[in-house]
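Structure first, commentary second.
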Amino acid sequence: MPIFFLKSILSFFLIFLTLSAMFTMFEIFGRTEKKFNIEKLKKIHKINGRLYVLLYLVIAYLCLDFIVNTKAELSPRGAFHSVFAITIIILLLLKVSFIRIYRQFYNQAKTIGLLIALITFGMAGTSTGYYLIVTKFGTELFPTQKTVTEKMTVKDGIIVRTDPESIEKGKGLYDSKCYFCHDPHSTEWIVGPGHKNIMKNPILPVSKRPATPENIMEQIINPYKNMPSFSYMSKDEMLNLIAYLNTL
């Protein structure tokens, strides 16, 4: 299952927990005449909060693991998503401190809880909502916004390097930037397709373009489908990476 789709499913549960927390909070503090047992609602709210934190940490781990392994640069949308996520952490710590330690601010904890809920919707919208819309609810691959680079221009007639030094450097680049999403020893999918025989096949597995060094370099700079742009890589690094791909 693609990591983006898994994260989207988990985010749906996070939204459900957020709505549940809002409902219990409104019922506890918002009604003069109570319709439900307040003690039960408080227990539900507390359990709900713990599940929210646990699920939030799981989703955060998946996001950070992806960024660390792919070394992907954040898009503007990704930056907004990150700001929302960090804000939620800060507000959660404030809310807990107001409830457990600084109880003179207890009433402010209710406002903070509402802010957490609203920011959660914004965080999920910039990630899960966007992903599900552009992939038609996971039925298509996730297109990444193309990045324009001024560092180099892809030209015809790239000569594939075959010297051991270039191949070894390319393998190091692959292990640090590609291995998390691609299997170099098979054609099985992880997040993206496996790369076995990628340059020996007539076409590339996703774009269906001819499997030429030029098209691979273009894919690295301006990804056709489900991968971040690596346009920040130097031309020499790209050539070394292609040299390694040529050995698969």
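Nothing in this text is a laboratory measurement; each read-out follows from the coordinates by a stated rule. Values in this document were obtained by computation on a predicted structure and should not be read as measured data. FYI the Cβ positions are ideal-geometry reconstructions off the backbone, even for glycines, and counts take in every protein chain you see.
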Seminar exercise, completed: Rounded to the nearest 10, the angle in degrees between the Cα long axis of helix 38-70 and the longest principal axis of the Cα atoms of the chain comes to 20
Problem set entry | Over the chain: helical MRE at 222 nm, DSSP H runs n ≥ 4 each giving -39500 (n - 2.57), nearest 500 | -19500 deg cm²/dmol
Exercise. Cα-based Rg (one decimal) and Dmax (whole number) for the chain, in Å?
Worked result: 23.4, 79
Problem set entry | Dipole-positive endmost among Gln104, Phe26, Leu118 within the stretch 3-134 (Cβ charges, Cα centre) | Gln104
Problem set entry | Ellipsoid equivalent to the stretch 3-134 - semi-axes via the Cα gyration tensor, in Å | 30, 16, 12
Seminar exercise, completed: Rounded to one decimal in nm, the spacing of the 7 Å Cα→Cβ label points at Lys42 and Glu218 is 6.5
Exercise. Based on the Kirkwood radius over alpha-carbon pairs, what is the Stokes-Einstein translational diffusion coefficient of the stretch 164-245 at 20 °C with 1.002 mPa s viscosity, in µm²/s?
Worked result: 170
Exercise. Of Gln219, Ser207, Pro164, which is farthest along the charge dipole of the stretch 164-245 in the positive direction, counting Lys and Arg as +1 and Asp and Glu as -1 at C-beta?
Worked result: Ser207
For this session: Treat the stretch 9-74 as a sphere of radius equal to its Kirkwood radius over Cα pairs and apply Stokes-Einstein at 25 °C in a medium of 0.890 mPa s; give the translational diffusion coefficient in µm²/s, rounded to a whole number.
Result: 180
Seminar exercise, completed: Low-density loop GluC sites (Glu not before Pro), the stretch 17-117, at most 16 other Cβ within 10 Å, DSSP non-H/G/I/E/B, are Glu33, Glu73
For this session: Evaluate the distance, in nm, between pseudo-label points positioned 7 Å from the Cα of Arg77 and of Ser186 along their respective Cα→Cβ axes.
Result: 3.0
Problem set entry | trypsin sites (Lys or Arg not before Pro) restricted to the stretch 157-248 and DSSP loop, no more than 13 other C-beta within 10 Å | Lys200, Lys208
For this session: Note the angle between two axes, namely the Cα long axis of helix 164-177 and the longest principal axis of the Cα atoms of the chain, as a number of degrees from 0 to 90, rounded to the nearest 10.
Result: 20
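With r as the distance between the Cβ atoms of Gln104 and Leu64 and R0 = 35 Å, compute the FRET efficiency 1/(1 + (r/R0)^6) and round to 0.05.
Working from the Cβ atoms, E equals 0.50.
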Exercise. Using a simple charge model, +1 on the beta-carbon of Lys and Arg, -1 on the beta-carbon of Asp and Glu, nothing else, what dipole does the chain show about its Cα centre, in debye to the nearest 20?
Worked result: 1320
Problem set entry | Given charges at beta-carbon only (K, R positive; D, E negative), |dipole| of the stretch 164-245 in Debye | 260
For this session: Note the angle between two axes, namely the Cα long axis of helix 76-100 and the longest principal axis of the Cα atoms of the chain, as a number of degrees from 0 to 90, rounded to the nearest 10.
Result: 30
Problem set entry | Unit charges at the beta carbon, dipole of the chain: most positive-side option, Tyr232, Phe13, Ile67 | Phe13
